[in-house]
1. Starting from region 122-172, pick out the trypsin sites (Lys or Arg not before Pro) whose DSSP state is loop and whose Cβ has at most 10 other Cβ atoms within 10 Å.
2. What number, rounded to the nearest 500 deg cm²/dmol, is the helix-based mean residue ellipticity at 222 nm of the chain, given -39500 (n - 2.57) per DSSP H run of at least four residues and division by all its residues?
3. What are the GluC sites (Glu not before Pro) within region 65-140 that DSSP puts in a loop, where the Cβ has at most 14 other Cβ atoms within 10 Å?
4. Would you mind computing, in nm to one decimal, how far apart the modelled labels at Arg122 and Arg144 are, each placed 7 Å from Cα along Cα→Cβ?
5. So what's the gap between the Cα centers of region 19-42 and region 133-159, to the nearest angstrom?
6. Once you mark the chymotrypsin sites (Phe, Trp or Tyr not before Pro) that are in a DSSP loop and have at most 14 other Cβ atoms within 10 Å, what is the longest gap between them in the chain?
7. Percent relative contact order of region 2-230, based on C-alpha pairs within less than 8 angstrom and at least six residues apart?
8. What's the angle, to the nearest 10 degrees (0 to 90), between helix 2-20's Cα axis and the longest principal axis of the chain?
Amino acid sequence: MRTIFTLILISAFSAAYSQNTVKASDIIRQINDGQSVLYKNAEIEGELDLTDLHTRRHTDSSFDFFGKGNDQYESTVEVSLTFINCTFRDDVLAYYHIERDNDTYIAHFEEDVIFQNCTFRRASEFKYSEFEEKTDFSGTTFNREANFKYAEFNNTPVFANAKFTDDANFKYAEFPRGANFESSSFDQLANFKYTKFRTPLNIKNIAFRGEEDFKYTRVDGNSFTSYLLNNR
């Protein structure tokens, strides 16, 4: 009887573990099937490559000075993504560049993108991505560089209480409807060079523990320094 009870406990534990571990490939399958993605308290296993979708299309070709071709491919995530209290063990890619072929892959988001209280253990690449709807990274920890260079947020993104333990790259990013960085912390380089903000901009209790770069940053068309002076 005791042996049977032990086997039941082991089976229950194994089932619970499997339920809390999600393969990245299954998420990609959901997106391609047009299903909204919602996970809570899960660990995502495997590289989550959002540039490799059925919506991928060839959008641009060019040649550099040496005649080397550069092709650009863009995918569109057409469903909402919601991750709450999730850990991403491997890379999360909405951008990558293959140096050998000089090809670039980008993902854009048509619906809500929510990563609340999540942890990115490895890369979080959102360079060039466009976020059309609600965008929420509140309470999320970025253990490697958070790359939002050239990203565009068409709604007011929330990075409140986010923790950037490595570099945070928002260079050239655009926030046409404001942004919320309240109580976020930056342990390394916080790069907002050339970033364009519109108000409302919430930077209350923001913490910079490393270097920061706000050179050429604009808020409502004015310098970031002017914004700070007028909003003490």
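1. Working: sites: Arg122, Lys127, Lys134, Arg144, Lys149, Lys163, Lys171; in loops: Arg122, Lys127, Lys134, Arg144, Lys149, Lys171.
Loop-located and lightly packed - none at all.
2. Numbers: 3 runs with 35 residues, N = 232.
Calculated mean residue ellipticity at 222 nm is -4500 deg cm²/dmol.
3. Details: sites: Glu74, Glu78, Glu99, Glu110, Glu111, Glu125, Glu130, Glu132, Glu133; in loops: Glu78, Glu99, Glu110, Glu111, Glu132, Glu133.
Those satisfying the criteria are Glu99, Glu133.
4. 0.6 nm
5. Each part's Cα centre sits 20 Å from the other's.
6. Numbers: sites that count: Phe65, Phe66, Tyr216.
No qualifying site falls inside 67-215, the longest such stretch.
7. On the way: 675 pairs, mean separation 24.9, N = 229.
Over region 2-230, the number comes to 11 percent.
8. Helix 2-20 and the main axis of the chain meet at about 20 degrees.
Bear in mind that the values in this text are calculations on the coordinates, not laboratory data. Just so you know, these numbers come straight off a predicted model, no measurement behind them. Every residue, glycine as well, gets a Cβ built from its backbone with ideal geometry; the counts of neighbours run over all protein chains shown.
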